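Here's the structure, in structure tokens; my notes come after.
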């Protein structure tokens, strides 16, 4: 009997040792999950320049002329402007930068504004003007204003500068 209890104790000890080795061997330093940026962080991460401003449905300008993208009405000196958003300790502001082309040489190089984001992160407020946030990713930000003109909506499609 002694012989059998010795074998049983030895096997039990070996089993405990084997489980311990496997358990400890599987404990590598786990990498933390990558931090997913918030909507505010995505908005503040880039300089944003306007890529297009499609209007849906197109505006009827008369004489069979339809305006499908508001950028067709903009001067080149307006098209190269860009925005930079910031959020410092909860104070949200943005700067509009004049691009290389200025419409009026007397225009300031920058203009400041304030912005906000609704609690559900679906509405962005720029100086009191509200836009629906349609898309925000590393390279694009799309916001839309409904009831633009003639019951059309206009989407401002920004791209990373």
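The values are calculated or read from the model by the stated rules, or taken from the named source; none is laboratory data. Small disclaimer: the values here were computed from a predicted structure and weren't measured. Virtual Cβ from ideal backbone geometry, glycine too; neighbours counted across all protein chains shown.
Could you tell me whether any residue of the stretch 72-79 is surrounded by 11 or more Cβ atoms within 10 Å (Cβ to Cβ) and touching a helix residue (DSSP H, G or I) at 6+ places or on another chain (Cβ under 7 Å)? Scanning the stretch 72-79 turns up at least one residue that is surrounded by 11 or more Cβ atoms within 10 Å (Cβ to Cβ) and touching a helix residue (DSSP H, G or I) at 6+ places or on another chain (Cβ under 7 Å). For the stretch 88-130, a residue qualifies if it is touching a strand residue (DSSP E or B) at 6+ places or on another chain (Cβ under 8 Å) and in a loop (DSSP other than H, G, I, E, B), and the qualifying residues are 98, 99, 109, 118, 121, 122, 127.
None of 95, 36 is surrounded by 10 or more Cβ atoms within 10 Å (Cβ to Cβ), under 23 Å from residue 138 (Cα atoms) and free of Cβ contacts under 8 Å to residues at least 24 places away in the same chain except 95. The residues of the stretch 109-143 that are in contact (Cβ under 8 Å) with a residue 60 or more places away in the chain and at positive phi amount to a single one, 121. Only one of the numbered conditions (1) touching a residue at least 24 places away in the same chain (Cβ under 8 Å); (2) farther than 21 Å from residue 148 by Cα; (3) more than 16 Å from the chain's Cα centre (by Cα) is not met by residue 60, and that is (2). Note on the stretch 141-161: residues that are within 12 Å of residue 50 (Cα to Cα), in a strand (DSSP E or B) and either in contact with a strand residue (DSSP E or B) (Cβ under 6 Å, 6 or more places away or on another chain) or modelled with pLDDT under 95 (or both) total 8.
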